[in-house]
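Below is one structure, written out as structure tokens; comments come after it.
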Amino acid sequence: MLRLVTGLIGLVFAGVLLISLGSTAATYFSSPPEETAAEEFHLHPKPLSLPSDGPFGKFDKAQLQRGFQVYKEVCAACHSLSLVSFRDLHALGYEEPEIKKIASDWAIQVPSINPDTGEAATRKAVPSDRFPSPFPNEIAARAANNNALPPDLSLIAKAREGGAHYVYSLLTGYRPQPAELLRKFPDAKTPNGLHYNPYFANLNLAMPPPLAANGQVTYADGTASTIDHMAKDVSAFLVWAAEPKLESRRAAGLAVSVFLLVAMILAYLAYQQIWRDAKRAVRVTGALDPKNQAKSRSAKAKQGVAG
């Protein structure tokens, strides 16, 4: 009786679920949801080719130095780089005296404590310091940026879908809002204080175009600094900031792959050498063993059991 009751309850529950599923499907197909402006006009990141791409890619130190210069002169005013130390710049080709000067001349000083009074103070950075944040806390950062919080750029090339492609596309993607968008979605006009960029998730972001004109940064090596070139260079620099050990990881992975391939070949050859002439025989055990069958027949005969 109990089984019958529980079975009926299960059938009723399954029937309700099926009715609900059918109703939802019918509603979806009869009046499908309308696309939003962000869904229709959001663009995928542009293609970008960097020397570090691919399993054998390597960083271009000259490009990384140019990208660091763009970060220093353009991005550092709002965005922190809290997971990178000044001394890490040695990997970009800077020598120790240059790193000391870069740290000492950095526009934002490092928070500290006055040893005489115990009060909050600041000091010049040293190579062992990480790049200081341009704002003392999140509240100050939002107050200075129309309540938008500038993200830390240490891992931005890994944290955003598309990585360096996304960063490059965002920096070069500012444009006037298209008339077609306003025609189809009149309520989607970019609010005051925001800027239209189709590579951003909701099309509008608080950051004004950081790379506003060609020649905005004068490269130390004399390279022409167009907006496109500056965007590529700072994107490459942020890839390095997120993966400073990228080259050594790839080299280690390649060495391990070669070792495993050689070891597999040697193991196969050793197997062939040792077992090449060995004959594989199937040993019969248990009830199918002729000796066990003879013992079984003998025991049955003694007890007078047929078969």
Exclusive hit being on the phi < 0 side of the Ramachandran plot, outside the structural domain of residue 192 (by TED's automatic domain parsing) and in contact with a Pro (Cβ under 6 Å, 6 or more places away or on another chain), set 103, 125: 103
Failed item in (1) surrounded by fewer than 10 Cβ atoms within 10 Å (Cβ to Cβ); (2) among the hydroxyl-bearing types (Ser, Thr, Tyr); (3) at pLDDT 80 or above, with residue 30 passing the rest: (3)
Test for residue 173: is it in contact with a Pro (Cβ under 9 Å, 6 or more places away or on another chain) and under 22 Å from residue 48 (Cα atoms): yes
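For residue 231, are the conditions met, namely being modelled with pLDDT under 95 and aliphatic (A, V, I, L, M)? Even if it seems obvious, please write down each step before you answer.
Numbers: modelled with pLDDT under 95: no; aliphatic (A, V, I, L, M): yes.
Here the answer is no, as residue 231 does not meet what is asked.
Looking only at residues in segment 226-276 that are part of a loop (DSSP other than H, G, I, E, B) and free of Cβ contacts under 8 Å to residues at least 60 places away in the same chain, which one is farthest from residue 66 (Cα to Cα)?
Taking segment 226-276 and keeping what is part of a loop (DSSP other than H, G, I, E, B), we get 226, 243-245, 276.
Checking which are free of Cβ contacts under 8 Å to residues at least 60 places away in the same chain leaves us with 226, 245, 276.
Numbers: 226: 12, 245: 19, 276: 61 Å.
Of everything passing the filter in segment 226-276, 276 is farthest from residue 66 (Cα to Cα).
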Any chance residue 112 is touching a Pro at 6+ places or on another chain (Cβ under 8 Å) and not β-branched (Val, Ile, Thr): no
Tally, over segment 107-130, of residues that are among the hydrophobic types (A, V, I, L, M, F, W, C) and assigned to a strand (DSSP E or B): 4
Some residue of segment 139-150 being surrounded by fewer than 19 Cβ atoms within 10 Å (Cβ to Cβ), in contact with a Gly (Cβ under 8 Å, 6 or more places away or on another chain) and within 22 Å of residue 167 (Cα to Cα): yes
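Taking the stated definitions as given, is residue 251 out of contact with any helix residue (DSSP H, G or I) (no Cβ under 6 Å at 6 or more places or on another chain) and either exposed (fewer than 10 other Cβ atoms within 10 Å of the Cβ) or at pLDDT below 95 (or both)? Spell out how you get there, then give the answer.
Working: out of contact with any helix residue (DSSP H, G or I) (no Cβ under 6 Å at 6 or more places or on another chain): yes; either exposed (fewer than 10 other Cβ atoms within 10 Å of the Cβ) or at pLDDT below 95 (or both): yes.
Considered against the rule, which asks whether it is out of contact with any helix residue (DSSP H, G or I) (no Cβ under 6 Å at 6 or more places or on another chain) and either exposed (fewer than 10 other Cβ atoms within 10 Å of the Cβ) or at pLDDT below 95 (or both), residue 251 comes out as yes.
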Selection status of residue 57, crowded, with 18+ Cβ neighbours inside 10 Å, assigned by TED's automatic domain parsing to the domain that holds residue 188 and within 15 Å of residue 244 (Cβ to Cβ): no
Qualifying positions in segment 94-132 - touching a His at 6+ places or on another chain (Cβ under 8 Å) and hydrophobic (A, V, I, L, M, F, W, C): 99
Helices (runs of 4 or more DSSP H) enclosed by segment 138-201 - at least 3 residues per element that are in contact with a Lys or Arg (Cβ under 9 Å, 6 or more places away or on another chain) and either assigned by TED's automatic domain parsing to the domain that holds residue 71 or under 18 Å from residue 78 (Cβ atoms) (or both): 164-172
Conditions (1) among the β-branched types (Val, Ile, Thr); (2) at pLDDT 95 or above; (3) in contact with a strand residue (DSSP E or B) (Cβ under 9 Å, 6 or more places away or on another chain): number failed by residue 190: (2)
Pairs, first more than 14 Å from residue 80 (Cα to Cα) in segment 116-142, second charged (D, E, K, R) and surrounded by 16 or more Cβ atoms within 10 Å (Cβ to Cβ), C-beta under 7 Å, six or more apart: 127/87; 127/100; 128/87
Selection from segment 67-84 of residues that are outside any helix (DSSP H, G or I), within 21 Å of the chain's Cα centre (by Cα) and surrounded by 18 or more Cβ atoms within 10 Å (Cβ to Cβ): 79, 80, 81, 84
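The values are calculated or read from the model by the stated rules, or taken from the named source; none is laboratory data. What you see is a predicted model; the values in this text were computed from it and never measured. So basically every Cβ, Gly included, is an ideal-geometry build from the backbone, and we count neighbours across all protein chains shown.
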